Structures are given as C-alpha cells and as structure tokens.
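Q: The following block contains the structure, expressed as structure tokens.
The numbers here are math on the coordinates, done by the rules we state, and not lab data. Because the structure is a prediction, the values reported are computed rather than measured. Here the Cβ is made from the backbone with ideal geometry for all residues, glycine too, and neighbour counts use every protein chain on show.
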Amino acid sequence: MRMTAFGAGGPQVAAIGQGTWRLDDASRAGAIEALRKGLDAGMTHVDTAEMYGEAEPLVAEALGARRNETFLVSKVLPQNAGKARTIAACERSLKRLKTDRLDCYLLHWRGSVPLAETIEAFETLVADGKILSWGVSNFDVRDLEEAVAIAGEGRIACNQVLYHLEERAIEHGVLPWCEKHGVAVVAYSPFGSGDFPNSSSQAGAALAAVAAEIGASARQVALAFLTRRPSVLAIPKASRVAHALDNAGAGDLELSPEQIARIDAAFPLGPKPRYLPMI
C-alpha cells in the first residue's frame, strides 16, 4: 500500500483508505468484515463522522484491538462547531468509537459559527491529547485562506473534498493551494456516489481499456488516477469484502504518463465552477 504524508510534517498514511458514509445501510456483519479485511490489505486510514448515524459504533466494533494500527478520522457538524459544543461533540465521538483520541478531527463543512471559534476548540483538543491533528472538509480557497490566517501555516492537516473522474473542480484552485501549503487532500465519493462510468460510454470504455492493459479493475484505475499526485488520498466506501479488496488493489497501482493522459482526455477537467461542489 502506497503511503503519503498527511499534512505538513504529518504521519505517513495509506493513500487508499476506507470511508464509512452510509456504511450502516448495509449488513452490519458484512460491513464490519469488509472494514477488517480492508485493514488486512493495508487500508488503515478509516474515515467517519458524527453525521454518519451508526457508523462510529460500527467502526469501533470493526477495529476492536486494532485501533493502534489505524489512522482514525471523524468530523464535527457545523451546528456543533462552537468551542464548547465542538469539544462535547468530539468527546461523544470518542465514546462511540471506544478510543481515547482521534488521529484527525475535521469540520464537516462551514456553517454560521465563526471559524476562529472552531479552530480554538480544535487547538484545545490537541493540547488535551484528544485529537492529534485537525482539518477541514468542503473548504474552497477563500475558506482555506481564512483558516490559515487564523491558525497559521502548518496547522491544517487536510481538506476533505468531493473528487471523482467526472467532478474534478478541485484541480482548478483547491488542489494547487493545498499542495503549496502542505495540506493533504482527501477525496470523498471517489466513485461518484453511485454513478461510476459505464463501460458502454465513450469515457467508460477508455477507462476500461487502460484497466485491461494493466490487469486491473476500472475502479482501481480510477483510484490510481485520482491519487496520482502525492498530496491526494482517497476514502472509497466498501460494504462487502470483495469491494474492499478491489479498492486496496489500487494502493500499489501506478499509471504511466500516457495512460494518465488518456484518462485525462476521457474525463476532461471542465470549467471552474462558481462554487466548490459538495454532497
């Protein structure tokens, strides 16, 4: 499994991790087994959130005694982002996850609470040892600039954003900004949230052709393309063991410049949107 730095001076983390959004919609036993097999395959970066229903208790059960080998991330909702409420939300997540600390804690998206108040709470949690780092999610460049102005350089570990083959908006501004400032980019919904390119389409056929050339699946090629830059990690969800193992197979996959160019042409970047896409 390829490893990449999680933020400026941060730990090395599995480039292909495991997301848990809507994981509790599937069979609980099947989802727990998929997470465990994913860990076995090197996907030790596990992402969850207080918003994800029963995902945090499910993750706790899946990790069990393997907590220390996992890079564990959770998120606070914007309505809980005031200083006291952030700390309380984090403590609830810790309890549900049956752990004494999070490796990273994120603001899920911006709300009405002043960003300075949330960052103050994050820094308090770091000082208390309840989180080892903090980051943001769904932040555009202006939001990131504001966060750096408040916290200083080197404090934001990551920005978790929507990024898949047919939604590459972050490449316009967010991704270059994060690379410049040493902020890891974590791609959520890297398969397009249930709308993965079909091989019967022209773009899907191009993806399938590259996959056939290197003996990989189309989804593995998609993950390899999205994480082709060392600053980018991806957290696909898998509720079945077969899907988890397929995702993990992308962790050692390297595309040639020619293959990257073909995928880039099949799934063009498109114009810069007015607002950063998110789901």
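Q: Let me have the 222 nm mean residue ellipticity of the chain computed from DSSP H runs of 4+ only, each contributing -39500 (n - 2.57), with the sum over all residues rounded to the nearest 500.
A: -12000 deg cm²/dmol
Q: If the elastic network links every pair of Cα atoms under 10 Å, which of 26, 218, 250 fluctuates the most in the Gaussian network model of the chain?
A: 26
Q: Using the per-residue mean of other Cβ atoms lying within 10 Å as a proxy for protection, in what order, highest first, do the peptides 261-274, 50-63 fall?
A: Final packing ranking: 50-63, 261-274.
Q: A follow-up question, please. So if the hydrodynamic radius of the range 1-105 is defined as the Kirkwood radius over C-alpha pairs, what does Stokes-Einstein give as its diffusion coefficient at 25 °C and 0.890 mPa s, in µm² per second?
A: Calculated translational D: 175 µm²/s.
Q: Let me ask another. Net charge within 14 Å of residue 128 by Cβ-Cβ distance, Lys/Arg positive one each and Asp/Glu negative one each, not counting residue 128 itself?
A: Within the 14 Å Cβ shell, the charges total -1.
Q: Using Cα pairs closer than 8 Å and at least 6 residues apart in sequence, work out the relative contact order for the range 129-193, in percent.
A: 36
Q: Picking from 187, 173, 127, whose Cα lies most toward the positive end of the charge dipole for the range 3-266 (charges on Cβ: Lys, Arg +1; Asp, Glu -1)?
A: Selected residue: 127.
Q: Just the number, please: percent antiparallel of the DSSP beta bridges in the range 3-266, rounded to the nearest 5.
A: Given both bridge residues lie in the range 3-266, the antiparallel proportion sits at roughly 15 percent.
Q: Further question on the same structure: Going Cα to Cα from residue 95, which aspartates and glutamates come in below 14 Å? Please leave out same-chain ones fewer than 8 positions away.
A: The reachable aspartates and glutamates, counting only those whose Cα sits under 14 Å from residue 95, are 50, 54, 56, 61.
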